[in-house]
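What follows is a single structure, written as structure tokens, with notes after it.
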Amino acid sequence: MRIWLRTLLFYSVFISLAFSQCYKDGWEKTIYPGKTKAGEINPWAFVALKEDGNIISWGEPFSGGDSSIVQSQLKNIVAIFSTDAAFAALDKDGKVITWGDEIAGGDSYIVKEKLTDVITISSTIDAFAALRKDGTVVTWGNSEDGGDSSNVDSKLVNIQKIVSTPKAFAALKKDGSVVTWGNPNFGGDSSSVKNELKDVVDIFANYFAFAALKKDGSIVTWGNAKYGGNSAETEKILRNIKDVKTIVSTGYAFAALKKNGTVITWGDMYSGGDSSLVREKLINVISVYSTFSAFAALKEDGTVVTWGDAGGDSSSVAEKLKDVKAIFSTDFAFAALKEDGTVVTWGDPDYGGDSSNVEKELIKVDHIYSTQGAFAALKEDGSVITWGNPWHGGKAPEINGSVKCIFPSWSVSNSSQVQLAPTSTLSKNPVEEEKEEEENINIESYLQNLKSFLLQKESFNINGYFYYYDFNKDSKSAPSDWIYLSEKGTIYQLLGNEPTSNSVFGFKEISLPEDFNISAPPSGFFVNIRDFEEKDKRFSWLYITRDGKKVFKLMGANENHTFKYLDVDGDGKSDDLTKVLEIAIKLEGEKNISVSDSNVSLTLPAKVMFFSP
């Protein structure tokens, strides 16, 4: 079976790979095969986005490694997406530039006039689906694999997210319903579970099947029954489960991470669908990652549990798998990034599982990217180290200048490329704080009162939304490079005015910048808790990360007027209240906000609820 899979993969019949996002001040974990983020990955070529907004591509020329034919158009690029053998670049104006194999979506001429106001792009193995600002969808590429959505075009309105298998798409609508199209053998037909696809909040996929996570934490599946789709066996496993946090997939299996830190698996037993041998170790899990046929669970204590086939055996590096903060993958290998910036690899050596040749260079690593058979590590100094199969990008060309991020796949728009970093708050390099001269508080009492306050109310209104915007157009993060959207639709720039005692953070009312895509997801939310008893009501605010998983309590302002959050243990790092208070967060409802002095109307989360997990 393994030989057959490798042959299949080599001839590009399958491409699903690890997915990566890159930010200036933060990054999100890699999840194979990228299905939670709605796209296929090019296994043959890389694209690097440089600080100046230009790109460098390398790898197999006819599969996107050669972008010379469109190089003059590749300016002001904010996101890059891919199929099996083509790339699609999204510029700041919402236009799309494609190159690579024409059959795989590299030629978008037939829909060129429709590709305007695009906010993100999804893909199958050889087709693209572009989501526009107005919630409609434009498709191109192989018609049999999702490139033709004409049969469901009338339903493709008010779309908020698109997810894919290699040959089918599933679109999540704002009302919680789902629209599918593409090859029915790969989940393109969801008619058998149509009545159950209501109140859906997210969709996930493996090679042959989809899994929808509903509002109550239950799961609905469809697609190939043998590989995790709808079946009596799957229904038995998932029956009465209503506390699922997220879902991750290998090629033929799924793993659901529950809110209590345990994991449930189903699908092909040889691809990680059977976790019985490690079930007792699967506790206190915070994230799950995967290769094509194995899972790796990262626990709260920084250790790792693995099961499945390729990459499922980490015994050779078990002693090194400590203090891990994130895991990345190719088809058959894992790479773990540790807190100290070093990297540990295991799995098939031909797919990046052996990094011994570059081990000494793998220090001070900031992020790792991957294709089907190779890894690329982006270091803190902007240099890049690659290893793995050279045909899959394991040997990079000489790169002059500092690289900002690397795209073997698609990424989010620049408007959200810098996620609010609570540790440094709104400043990339905050100055040393002076000794505080504030009233001493009993921290234990303060935390107890804060927890009681948060839990006693049914919910809190979200009062504002933060977005990153490069005001100086210098591709550098500055404390003032933040837009705040109030719930009334007013736009403000942080530190746009000189800070005063009444306006500590110098908020300045502005018009919406013409080149800013505010339809992209916000970086985070602000919640006012003015009813909480504390001396200075100016700082009675909570900051919630955009994924709704972390919350930080504003306590004051740093010397440079950036946000200063609660630091319980005094280590200089902001403390997440979900851990300090042992509470959980849930975003609820939606509100429509009309942005002032514009024709833009947004639908954003309305409330947040705190509860004991």
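The values are calculated or read from the model by the stated rules, or taken from the named source; none is laboratory data. These numbers come from a predicted model, not from an experiment. Cβ atoms come from the backbone with ideal geometry, glycine included; neighbour counts cover every protein chain shown. Each accessible area value is taken on the protein alone, full model and side chains, heavy atoms only, with ligands, DNA and RNA left out. Shrake-Rupley method; radii C 1.70, N 1.55, O 1.52, S 1.80 Å.
List of remarks:
- Counting only strands (runs of 3 or more DSSP E) that sit wholly inside region 1-103, not one has at least 3 residues that are open to solvent by 20 Å² or more (accessible area, probe 1.4 Å), modelled with pLDDT of 85 or more and on the phi < 0 side of the Ramachandran plot.
- Restricting region 495-530 to residues that are modelled with pLDDT under 80 and among the polar types (S, T, N, Q), the residue that is most open to solvent (accessible area, probe 1.4 Å): ASN502
- Residue-level analysis places THR165 outside the set of residues that are at pLDDT 95 or above and either under 24 Å from ALA520 (Cα atoms) or open to solvent by less than 10 Å² (accessible area, probe 1.4 Å) (or both).
- Inside region 219-273, residues that are under 22 Å from SER164 (Cα atoms) and of a type in the set (Lys, Arg) make up a count of 2.
- Restricting region 447-484 to residues that are among the basic types (Lys, Arg) and either touching a Gly at 6+ places or on another chain (Cβ under 8 Å) or more than 30 Å from LEU495 (Cβ to Cβ) (or both), the residue that is most open to solvent (accessible area, probe 1.4 Å): LYS457
- For region 559-613, taking the residues that are in contact (Cβ under 8 Å) with a residue 24 or more places away in the chain and of a type in the set (Lys, Arg), the one that is most open to solvent (accessible area, probe 1.4 Å) is identified as LYS573.
- Unmet criterion (only one of (1) outside any loop (DSSP other than H, G, I, E, B); (2) crowded, with 19+ Cβ neighbours inside 10 Å) for GLY556: (2)
- Just one of the listed residues (ASN185, ASN151, ASN158, ASN206) is touching a residue at least 12 places away in the same chain (Cβ under 8 Å), open to solvent by 50 Å² or more (accessible area, probe 1.4 Å) and under 22 Å from the mean Cα position of the chain (by Cα), and it is ASN158.
- Which numbered condition ALA255 fails, given (1) closer than 23 Å to GLN372 by Cα; (2) in contact with a helix residue (DSSP H, G or I) (Cβ under 6 Å, 6 or more places away or on another chain); (3) among the hydrophobic types (A, V, I, L, M, F, W, C): (2)
- Subset of region 560-579 (residues that are among the β-branched types (Val, Ile, Thr) and modelled with pLDDT of 90 or more): THR578
- When the test is whether a residue is open to solvent by 70 Å² or more (accessible area, probe 1.4 Å), assigned to a strand (DSSP E or B), charged (D, E, K, R) and farther than 26 Å from LEU495 by Cβ, GLU533 does not pass it.
- Checking every residue in region 343-350 against the condition of being open to solvent by 20 Å² or more (accessible area, probe 1.4 Å) and small (Gly, Ala, Ser) gives at least one match.
- A count restricted to region 72-99 and to residues that are free of Cβ contacts under 8 Å to residues at least 60 places away in the same chain, in contact with a Ser or Thr (Cβ under 9 Å, 6 or more places away or on another chain) and polar (S, T, N, Q) stands at 1.
- Within region 116-141, the set of residues being surrounded by fewer than 22 Cβ atoms within 10 Å (Cβ to Cβ) and either assigned to a strand (DSSP E or B) or at negative phi (or both) comprises THR116, ILE119, ARG132, LYS133, ASP134, THR136.
- Taken residue by residue, region 594-604 has no member that is outside any strand (DSSP E or B), at pLDDT 85 or above and under 15 Å from VAL527 (Cα atoms).
- Residue check for VAL111: over 26 Å from the mean Cα position of the chain (by Cα) and either open to solvent by less than 10 Å² (accessible area, probe 1.4 Å) or under 21 Å from PHE204 (Cβ atoms) (or both): no
Yes/no per residue for (1) farther than 30 Å from SER475 by Cβ; (2) among the charged types (D, E, K, R); (3) open to solvent by less than 20 Å² (accessible area, probe 1.4 Å); (4) modelled with pLDDT of 85 or more:
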position: ASN357; (1), (2), (3), (4): yes, no, no, yes
position: GLU361; (1), (2), (3), (4): no, yes, no, yes
position: ASP366; (1), (2), (3), (4): no, yes, no, yes
position: GLU398; (1), (2), (3), (4): no, yes, no, no
position: VAL431; (1), (2), (3), (4): no, no, no, no
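- ASP313 among the acidic types (Asp, Glu) and either more than 21 Å from the chain's Cα centre (by Cα) or on the phi > 0 side of the Ramachandran plot (or both): yes
- Residue pairs whose Cβ atoms lie under 9 Å apart, separated by 6 or more positions or on different chains, with the first residue in region 270-283 and part of a loop (DSSP other than H, G, I, E, B) and the second open to solvent by 60 Å² or more (accessible area, probe 1.4 Å), are GLY272/ASP309; ILE283/ASN260.
- Every listed requirement among (1) within 17 Å of ALA205 (Cα to Cα); (2) part of a loop (DSSP other than H, G, I, E, B); (3) open to solvent by 20 Å² or more (accessible area, probe 1.4 Å) is met by ASP331 save one, (3).
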